[in-house]
Amino acid sequence: MTLWRRIGARVSGLRVRLVLAFALLGVTTTVAVASGSYFQARTVILQQAQDAAVMSLTEQLTKIYPIAQLPPTQDDLELLAQRLSDRESFAVVVYRDLRAQGGSEAADPLTPELRQKVRDGRIAWQRVSLAGEPALLIGTQLALDRPDGTSRPSGVEVYSVRNLVPEQQSIDRLATRAWLTGGLSLVLAVLLALLSARGVLRPVRDLGRAARRLGEGDLTTRLRVRGADELADVARTFNDTAGTLERQVGELRRLESDARRFVADVSHELRTPLAAMTAVTDVLDEEAEHLPGDAGRAARLVSQETQNLTHLVNDLIEISRFDSGTARLALDDVDVAAAVTATLRIRGWLDRVRTELPPGVVARLDPRRLDVIVANLVGNAFRHGAEPVSVRLGADPDWVTVEVADRGPGLDPEVLPHVFDRLYKADTARTRSEGSGLGLAISWENARLHRHGERRGSLVAGNGAHGGAVFTLRLPRDTADTGGAR
């Protein structure tokens, strides 16, 4: 299908259309001019031959006019036919039932239509074919002078048959030249089309390549402006647009870099006071049970919020490592089933989660990041889904798959594209949540950090066939690349 699409694109390309347009114009013009010239020249050649033949016959008849006697004898007709015949033509003389033909043994060339016109007293001519060769047939009736100076038809019909082969050869040469001229015109039209297409398509191709480079992120791409036509205006507009885009993207990158640096700096600065606050909340947790009423509730609230703030700061620091490209894997050969079980046991979820963890699945992974991913997915299922929550492990020679599902309402189609966005809230009316809003984003980054050659880890969200959200983690079994490239 791709090959046919490429062929179709080339056939319908601008170069092909331009060449076809020029070729069609050249052919149309050549056919029109050559046809008109051919038919006009053919008419002129035949008319000249016809006029010359009529004039020659008239002159010859003048020399032998008038007729000596009527009715003529066969000998008279034979003599007249011989006198009117030469190397270029021969004559046929007819009087009633008598007939004489001089200088040729060709078949009778006379036609009823021509004879009728001659009998009516007119000079008539007709083009006929004799033995496969073109010929001009001219006929007239001799007149007989009366004593009073008038004349009357004598009944003697004289026909001159002139060979038109030389004229036909001239016409054929003219047709051949017309075809040659048409072919040369077509070749010239195609060459002009190719030159025009080259001149037009070069800036178009340059524009296409520049647009692709710009789309791939090379914001320094510029076009060379040639001339002062519309294509040059397009090139200047592209350069102005690319320059503006480069400045704007540069400013956005600078602002984004400043924002990331600010978040990282603030997160690191908050760790010291948070450590002190955590120490204080540990003491408050021990004394909360002994504090009266509101004081005990306030102590527990402070402790919980301090823990939430600590988690948020840790998540922000983790995100800043991904953004800066400094996140690295600490690979080890991991029994995936045992690692997932340990994650659930540490957090007290082992009795609440249905597991299908076949033993013996070993992969080279970062166990800490696998723990973070599974903990975030299961915790998200408890917070936003409904029990029972299930964790299933699958493997093949290339991939390890961990699927976390719940039986909640599932994910709205409008939410699915944004599930892994940072700080995204499906319910805009909900101002707070139990998590930091970064857990799924961190899990997605941790999954993609695992890679082996062209295979890269992934985390995908969806809905199960029987309701509930389903998160599928796929990690390559042999992760040889420990870099932090995103």
Notebook entry, point to check: Can you work out the FRET efficiency for the pair Gln47 and Gln82, with r the C-beta to C-beta distance and R0 = 25 Å, to the nearest 0.05?
Noted result: 0.30
Next item on the list: For Thr355 paired with Asp285, estimate the spin-label separation in nm (one decimal), with each label point 7 Å from Cα along the Cα-to-Cβ line.
Entry: 2.4 nm
Checklist line | Inter-label distance for Asp97 and Asn314, nm, one decimal - labels placed 7 Å from Cα along Cα-to-Cβ | finding: 13.8 nm
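Can you tell me the FRET efficiency between Ser129 and Ala21 if r is taken as the Cβ-Cβ distance and R0 is 35 Å, rounded to the nearest 0.05?
On the way: r = 43 Å, r/R0 = 1.22.
Rounded to the nearest 0.05, the efficiency is 0.25.
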Notebook entry, point to check: What nm distance separates the two modelled labels at Arg177 and Ile346, each placed 7 Å from Cα along Cα→Cβ?
Noted result: 9.9 nm
Check: Once amide H atoms are placed 1.01 Å from N in the peptide plane, what residues at a sequence separation of 5 or more from Phe90, or on another chain, have their amide H within under 5 Å of its amide H?
Finding: Val161
Note to self: I need the calculated FRET efficiency for the pair Leu301 and Glu454, taking r as the beta carbon distance and R₀ as 41 Å, to the nearest 0.05.
What the structure shows: 0.25
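Coordinate-derived values only; no laboratory data. Please read these numbers as outputs of a predicted model, since none were measured by experiment. Note that we place each Cβ from the backbone using ideal geometry, even for glycine, and neighbour counts take in every protein chain shown.
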